[in-house]
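The values are calculated or read from the model by the stated rules, or taken from the named source; none is laboratory data. The structure presented is a predicted model; accordingly, all values stated were derived computationally and were not measured. A quick note on method: Cβ atoms are made from the backbone with ideal geometry, for glycine too, and the neighbour counts reach across all protein chains shown.
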Amino acid sequence: MKKFLRVFLIFIGVFFLASCGSKIETKTFVGSPQDGIDSTLTYTYQGDKVLTQTAKNIVSYDKLGITKEEAKTALEPVSKQYEDIKGLDYKLTYEDKQAIEKLTINYEKLDYDKAKKVDGIQIDGDSSKVIRMKKRQELVESEGYTEQK
């Protein structure tokens, strides 16, 4: 009887651990190139809960009809608004022919109140809510992005 109980408890423990952890997955969406900007969105999620979102934009100076210096003048003030916000990681690099902007939002660490005040960030939840992958996918697809498989 003790042996049966021990095997039963081990089985229940393994079943419980297996059911608790769904694997972490990634989905990437590509926007159609517009106005000299190529945009890619990557989501990391577990179950239906979005953990992180990364936006990568490649801005072509030629396609926008601007120089590298003009791009710096226009983009530097924008980049300042991302500073000192917990859960945001923003990088902007200037190459010879293009600027590369990368913004990662960690929803588990995000200061939602500060992030909502930043132009260009669309937050549809708060720290007490979960950002849902299904809703995110519907949103980005309605904005013209397609899933990259």
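Looking at (1) closer than 22 Å to SER22 by Cα; (2) assigned to a helix (DSSP H, G or I), which one does GLN53 not meet, given that it meets all the others?
(2)
Determine if region 71-83 includes at least one residue that is within 21 Å of LEU51 (Cα to Cα) and not polar (S, T, N, Q).
Narrowing region 71-83 to residues within 21 Å of LEU51 (Cα to Cα): 82-83.
Right, trim to not polar (S, T, N, Q) and you get 82-83.
There is at least one residue in region 71-83 that is within 21 Å of LEU51 (Cα to Cα) and not polar (S, T, N, Q).
Among the residues of region 17-70, count how many are crowded, with 16+ Cβ neighbours inside 10 Å, without any contact (Cβ under 8 Å) to a residue 24 or more places away in the chain and among the charged types (D, E, K, R).
The qualifying residues number 1.
I need the full set of residues from region 54-110 which are of a type in the set (Gly, Ala, Ser) and in contact with a strand residue (DSSP E or B) (Cβ under 6 Å, 6 or more places away or on another chain), in order please. Talk me through it step by step, then tell me what you get.
First, the residues of region 54-110 that are of a type in the set (Gly, Ala, Ser): 55, 60, 65, 71, 74, 79, 87, 99.
Within region 54-110, ALA55, SER60, ALA71, SER79, GLY87, ALA99 qualify.
For a quick check of your reading of the model, give me the residue pairs whose first member lies in region 102-128 and is within 19 Å of LEU92 (Cβ to Cβ), whose second is at pLDDT below 90 and not in a loop (DSSP other than H, G, I, E, B), with beta-carbon atoms closer than 9 Å and at least 6 apart or on different chains.
ILE105/ALA115; ASP119/VAL78; GLY120/VAL78; ILE121/ALA115
Name the single residue, out of those in region 24-49 being closer than 20 Å to GLY144 by Cβ and β-branched (Val, Ile, Thr), that is modelled with the lowest pLDDT. Don't jump to the end; show me each part of the working.
The initial filter retains those residues of region 24-49 that are closer than 20 Å to GLY144 by Cβ, namely 27-43.
In the following step, the residues that additionally are β-branched (Val, Ile, Thr) were identified as 28, 30, 37, 40, 42.
Details: THR28: 97, VAL30: 95, ILE37: 87, THR40: 96, THR42: 97.
Top of the filtered list is ILE37.
Regarding ASP62, is this residue modelled with pLDDT of 90 or more, more than 22 Å from SER142 (Cα to Cα), under 13 Å from the mean Cα position of the chain (by Cα) and acidic (Asp, Glu)?
On the way: modelled with pLDDT of 90 or more: yes; more than 22 Å from SER142 (Cα to Cα): yes; under 13 Å from the mean Cα position of the chain (by Cα): no; acidic (Asp, Glu): yes.
Here the answer is no, as ASP62 does not meet what is asked.
Kindly evaluate GLU138 against the criterion of being closer than 27 Å to ILE24 by Cα and out of contact with any helix residue (DSSP H, G or I) (no Cβ under 8 Å at 6 or more places or on another chain). Quick ask: steps written out before the conclusion?
Values: closer than 27 Å to ILE24 by Cα: yes; out of contact with any helix residue (DSSP H, G or I) (no Cβ under 8 Å at 6 or more places or on another chain): yes.
Taking the combined requirement at face value, the residue satisfies it.
Count, please, the residues in region 71-98 that happen to be more than 19 Å from the chain's Cα centre (by Cα) and surrounded by 14 or more Cβ atoms within 10 Å (Cβ to Cβ).
Counting residues in region 71-98 that are more than 19 Å from the chain's Cα centre (by Cα) and surrounded by 14 or more Cβ atoms within 10 Å (Cβ to Cβ) gives 5.
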